[in-house]
Amino acid sequence: MPQSREKLLVMGLGLKMKSLRHDPKALKLHEQAGNKGKYTFIQAHEQAGSKGKYTFIQAHRAWLPKFLMLWILLMALIGWCIYTKMDADTKVRRKEVLRSLCDQRARMLQDQFSVSVNHVHALAILVSTFHYYRTPSAIDQETFAEYTARTAFERPLLSGVAYAQRVVNSERESFEKQHGWVIKTMERKPSQVRDEYAPVIFAQETVSYLESLDMMSGEEDRENILRARATGKAVLTSPFKLLGSHHLGVVLTFPVYKSKLSPKPTMEERIKATAGYVGGSFDVESLVENLLGQLAGNQAILVNVYDITNFTDHLIMYGKQDEEGDMSLVHESKLDFGDPYRKHKMICRYHQKAPTNWIALTTAFLFFVILLLVGYILYGAGNHIVRVEDDFHKMEKLKVRAEAADIAKSEFLATVSHEIRTPMNGILGMLGLLLGTELSSTQLDYAQTAQACGKALIALINAVLDLAKIEAGKLELETVPFDIRSILDDVLSLFSEKSRHKGLELAVFVSDKVPDIVMGDPGRFRQIVTNLVGNSVKFTERGHIFVKVHLAENRMSSMIGKIETFLNGRSDEVMHMSGGGYNFKTLSGYEAADERNSWDNFKHLIADEEFFFDASVKKVAIESYEQVTLMVSVEDTGTGIPFSAQEKIFVPFVQADSSTSRHYGGTGIGLSISKCLVDLMGGEISFISRPQIGSTFSFTADFGTIKKNSITDMKKHNLEDLRSSFTGLKAIVVDGKPVRAAVTRYHLKRLGIQGKVANSINKAVSLCGKNGSLTPGLSQPDIIFVEKDSWICGEDGMFSVWQLDWKQHGQLFKIPQMILLATNISNTEFDKAKAAGFSDTVIMKPLRASMVAACLQQVLGTGKKRQLGKDMKPNGSTFARILLCGKKILVVDDNRVNRRVAAGALQNFGAHVTCAESGKTALEMLQLPHNFDACFMDIQMPEMDGFEATRRIRDMERKANEQLMKGEGGEGNGLKKEYHLPILAMTADVIHTTYEKCLKCGMDGYVSKPFEEENLYQAVEKFFNPKPTSDNSLQNGNRTEQAP
Amino acid sequence: MDVGQMQRQWIDYTKSLFLEGFLDGQFLQLQQLQDENNPDFVVEVVSLFFEDSERLLKDLTFALNQNGVDFKKVDAHVHQLKGSSSSIGAQRVKNACIAFRNFCEEQNTDACLRCLQQVKQEYCLVKNKLETLFGLEQQIVAAGGSIPTELSFSG
């Protein structure tokens, strides 16, 4: 019934939170309320951050396309350059080829020509020699023709040669008579009268038509003749169409002198001595044609030969003037045919235009394309970088926003939780009021239920607050020495009622190797264990819940032990005990998910400890380490966790499945908080779970150890006190279940009682010796603890006999007290037990050292009180009163009303209160020495705030302490009290003024304002030792109330 | 009117104050702090609150009506008022103060003035209510009865 209500409340809260979350207005309001400054800061930071982080590419993104264009242009330019250069090279080469070809042709032509000229010269000499110097002449037409025809191969260029005699007009008649023909002109007409004639008298057959023709009648020939006889050298005519053939040709003329000339003859001498002229006609066209035909490459080039004697009018000698060809590239070569008067040249051209330079073109194009691609790739890469960076910045912004939102969410949760607490206090207060009035039993029930729900809601809100704090990273663990065993006892006591009600075995076992006092955060440790045990209790209907703590290293050895067990054979697994359906060697006999806690392993653990029988030796060894890692496991035999849900078990607000939450209620926040806390403690949390069998949650946590000599503080006083009264006692534990017996023994050991285990009463009897004679090695037991299960097992008769036996020997020995251990017991069973000789007190499980001690005190008569911590539940007010009564307290607050209320509240607890209205006044009042026991300080005060004031007070104290040390250093009295005034912050704002900030400036803690008694008690508890009247069980009772 | 009736009336009145949200649990705690040693504790604290608040409200009115409002100062005043009101459990005044401080942070003069009006109004209301309550208490005491607080509320 209460569970379903709790769930209703939870749902209500969830709904509210959801609606708040989805209502933008609400969120906005919240932003305005708390985080405005922070948000603007974050935004500013964001901007600054992103601006600074732009890379070069990012910053010049607009330039990217321009760069690409520029690149393309550049590459095009370079490509063009390459092409031009390669093309130019080709052209140069072509030109050179042309030149060499042309020169070669010119030279050859010239050579051939001069060879012919020389030959004609030789002919001229021949004529002069044989025709003139010899009389009668040795040459006639026939001889000449014969000779020239036979030597024609010497003059390949000449179409023919002829000899014309010089005939002056006066000799014409005689000449004509002598030869028998008239001198004719070129037109083959009888020549007119002239001064001189040059009729051809000898001619080669090829030019026989020339005979009798007067060479001087032709204009050009005449000029030639005149020039030739004047110079005495070969002369050429300008090209003209040759007679006979229609080829262009030139005529070569050589003078033939009658007499030998003086070495340097004048022109007149020459003219006078001239006897005739040898002439030959060069068929230039066929000549060049032949010549070129002999040479390679004649196909490729066009050759023109010009006579350039007349500058203005070049006469073509060879080749067609208007022939097609590559006009762009021309080469000229000079020709010297031996006639200084005539000038010739050769012009060569290529037949065809220069072919397109494909290689250059392709190279340049490929180059361009490749680099274009490279450029494009770079451009693409740049674009990609820009895009990725854009995304990155976007993500970064989103991340910052998400984080801000997360923080905002956490703060929002914290604030909302805080705000919910305030009205909840009102509700609880009203309910408290209501419960104080006269109510009918139904009304009382309603009101109590409402109060229980309210308390559950507060607990839930605290859990949410915790989670929010953890998520906001605001939770820090404290490091104080604490007794891990008593904390576990406390946790157990929290759940004792419930487990008893359900009939569960609830037990704790702490390995002897775990140091008594460790350094850590007891509150958070307790929270984790409480969460785990609470879960187990919630989900377990039968069987047991077993909390076990040992050093993490021990787990290793027990693992080895486990492996050994398997090696020994699995048959060991099955118990050979008369346990009926309980076949497993676990605490209650039910199967557990994780077999590591079964007896097979457990005995290894214990045996291991037993080996070092002197536990203190071992402890010293352990305590020499600076840190210990504890492994805590909580085993239950509950419903287990479905495999499908095992993965998300630590996610906040997720329960194993929705039906679970419908059935059991709860928010599922506990495990995720536990996980966070375990993480903070540097450990790991894990679990093994089998549906319908149970779950075992285990976590490790690192704790600091504390030096042995410093343990002797008040923390241990409660158990130490108890110890003293039991040390040396001996006990027998009768229990069929070895694990359970070990747990019992562990608790006894803590009280200093030496225990022996017997797995049945028979065994116990035999251990004690049936008729009083003692078994060697074991002295008379003082107490016998009998587990209810073992007693019920129907050994009544046996037991009675034994009982009787004892009675008979009663005078010799002190009869051992027999105490029944039970999880729950009915009245009839209780009566029966009493009848069987058990003492009045039944120790109800779960076992706790303090409770066992109380029971033993009662049974053995060493204690006077009868407190089982059941019906005595003092409230926080009583404790606060006990702690604060008579203390002198300074309250510092600038607000009069607050001051008065705080003073009133503290006075109500019996404290003497003095007030100060500012930090300064407080500082004056706290000048050493003073007699205040504590100071409650408001934080937000004008002029000097609480932090500052505290800092100054601490400074003051430090100086005083130093002086004290100096002054009394010689005495070396370590117990001399140092000045340290407990200062507690008073604040309405628990979220923002975090604990660590208080600690940082030397405060000892904080209390929320307005005071809540429990909170106040919790805060002052650390500083003021409880008065001696507050005994142990009271303390436990109080802890119970505070536990989350 | 007999004492019993007056006491009942007192209780009803107190409850109505809680139900209407004028007061919260803190006022209950104040009442619990009142005992033989401090017989007039509640009245004393509440009148301190009245004095303080009136002074603060006056200061606030003055501060907000000046040119160039010093929001730091206003905020400090409101903080004081919030502290006092939460100490005596004057819930609605406290809530008004919380809103007020938010606007102070935003430096929104108009909204601050509106808030001031609201705070004033809430203050007057709670003052009247509390005075009526104390009047009732005095009547009860005068009639020889005792205030039910100690009797029925001490749980």
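Quick note: the coordinates plus some simple rules give every number you see, no bench work behind them. Computed from a predicted structure; not experimentally measured. Because the Cβ atoms are built from the backbone with ideal geometry, glycine has one as well, and the counts that use them run over all protein chains shown.
Some values worked out for this structure:
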quantity	calculated
Extension gain, A:HIS351 back to A:TYR446 (0.36 nm per residue minus Cα-Cα distance, nm)	21.8 nm
Charge sum, other residues only, whose C-beta stays under 13 Å from B:GLY135's C-beta, Lys/Arg counted +1 and Asp/Glu -1	0
Hydrodynamic radius by Kirkwood, which averages 1/r over all alpha carbon pairs of the stretch A:338-394, in angstrom	17.0 Å
Kirkwood-type radius of the stretch A:206-365, with distances r between different C-alpha atoms, in Å	18.3 Å
Label-to-label distance, nm, for residues given as A:GLU268 and A:VAL369 (7 Å Cα→Cβ offset)	8.6 nm
Set A:LYS502/A:LYS788; A:LYS737/A:LYS845; A:LYS189/A:LYS233 screened for pairs whose C-alpha atoms are more than 19 Å apart	A:LYS189/A:LYS233
Rounded to the nearest 20 debye, dipole of the stretch A:334-418 from Cβ charges on Lys, Arg, Asp, Glu	1060 debye
Mean Cβ neighbour count within 10 Å, used as a protection proxy, ranking A:370-382, A:99-111 highest first	A:99-111, A:370-382
Per-selection metrics, the stretch A:87-154 (Cα): Rg and Dmax in Å	21.3, 72
Charge sum, other residues only, whose C-beta stays under 13 Å from A:LEU677's C-beta, Lys/Arg counted +1 and Asp/Glu -1	-4
Inter-probe distance in nm under a simple model that places probes 7 Å from Cα toward Cβ, at B:ASP35 and A:THR84	11.0 nm
By average C-beta atoms within 10 angstrom, highest first, the peptides A:271-281, A:203-213, A:164-174	A:271-281, A:203-213, A:164-174
Global size of the stretch A:414-471 as Cα Rg and Dmax, reported in angstrom	13.7, 46
Radius of gyration and Dmax over the Cα atoms of the stretch A:427-526, both given in Å	18.8, 55
Contour minus Cα-Cα distance for A:GLU647 and A:ASN383 (0.36 nm per residue)	90.8 nm
Scaled radius of gyration (Cα, divided by 2.2 N^0.38 Å) that the stretch B:30-155 gives	1.24
Peptide B:28-40, shielding by other chains (average Cβ, 10 Å cutoff)	4
A:ALA459-A:ARG61 FRET efficiency (beta carbon distance; Förster radius 60 Å; 0.05 resolution)	0.60
Residue-averaged beta-carbon neighbours from other chains (10 angstrom radius) around A:423-430	5
FRET efficiency, A:GLU962 to A:VAL480 (Cβ-Cβ, R0 22 Å, nearest 0.05)	0.30
Pairwise label distance in nanometres, A:GLU219 with A:PHE240, each label 7 Å out on the Cα-Cβ vector	0.8 nm
Average other protein chain Cβ within 10 Å of Cβ, residues A:903-912	4
Pairwise FRET efficiency - A:GLU684 versus B:ASN65, Cβ, R0 = 60 Å, nearest 0.05	0.45
Student exercise, the stretch B:39-155 dipole from Lys, Arg, Asp, Glu Cβ charges, in Debye to nearest 20	300 debye
Net charge over other residues, Cβ less than 15 angstrom from the Cβ of A:ASP313 (K, R count +1; D, E count -1)	+1
Interatomic Cα distance distribution for the stretch B:30-72, bins of 5 angstrom, percent	5, 20, 17, 13, 11, 10, 9, 8, 4, 2, 0
Whether the stretch A:118-276 is rounded, prolate or oblate, judged on the alpha carbon gyration tensor where a/c under 1.5 counts as rounded	rounded
Peptide ranges A:354-365, A:505-516, B:105-116 listed from the most packed, as the mean C-beta count within 10 angstrom indicates	A:505-516, B:105-116, A:354-365
Potential lengthening between A:GLN192 and A:LYS334 on full extension [0.36 nm per residue; Cα-Cα distance subtracted]	47.0 nm
The stretch A:919-968 - convex hull of the alpha-carbon atoms, volume per residue in Å³	70 Å³
Relative contact order, percent, the stretch A:287-401 [alpha-carbon distance under 8 Å, six or more residues apart]	22 percent
